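Shown next, in structure tokens, is the structure this report addresses.
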Amino acid sequence: MSEEVIKTDFNFKFTNEAAMNTALAPFFYQPQVQSVDGDGMLQFDSETGDPIMENDGDAYLVMHSESYSFDIIGTIYKPTGATLTDSEGNEYPETAAESGWHVNLRIVGDARRVDAEALDTTYGVNPATPYRVWA
């Protein structure tokens, strides 16, 4: 009887960086501060007494936590097989962009498993030879 291998490394391919940002929304953090009135007094909800919070700046992708880590690759460039020569006579391999915006995700434990597997369903790819791998 073989043991089931639980997936911890995910490879995603989005159409572009904007699509990545939309899809990875569960991993974004939106800083907040307590609202103040025109006189500088802190605002509280009149019914619950809870502080009234408002967004403070732009939301951003949290790259690492105790339960996951992202590796944003972006556009992958692969050699075409042709050789080019620069203005100083140096030869170098020609490359061409692969389609998509590429991201690796490693999860630790099950805290973000549901999010990772949901992304994998829509954006997951299984490259035969990954461009970058976790060490």
Heads up, the strands (runs of 3 or more DSSP E) in segment 70-135 (entirely inside) with at least 3 residues that are of a type in the set (S, T, N, Q) and either surrounded by 10 or more Cβ atoms within 10 Å (Cβ to Cβ) or modelled with pLDDT of 95 or more (or both) are 77-85
Filtering segment 1-30 down to residues that are at pLDDT 95 or above, within 21 Å of ASN126 (Cβ to Cβ), surrounded by fewer than 14 Cβ atoms within 10 Å (Cβ to Cβ) and charged (D, E, K, R) yields ASP9
Inside segment 111-121, the number of residues satisfying the requirement of being over 23 Å from GLU66 (Cβ atoms) and within 14 Å of the chain's Cα centre (by Cα) is 0
message: Would you confirm whether or not segment 26-36 contains a residue that is part of a helix (DSSP H, G or I) and touching an Asp or Glu at 6+ places or on another chain (Cβ under 9 Å)?
response: yes
Residues in segment 66-104 that are in contact (Cβ under 8 Å) with a residue 24 or more places away in the chain and farther than 17 Å from THR15 by Cα total 5
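The values are calculated or read from the model by the stated rules, or taken from the named source; none is laboratory data. Note that this is a predicted model, so its numbers are computed, not measured. FYI the Cβ positions are ideal-geometry reconstructions off the backbone, even for glycines, and counts take in every protein chain you see.
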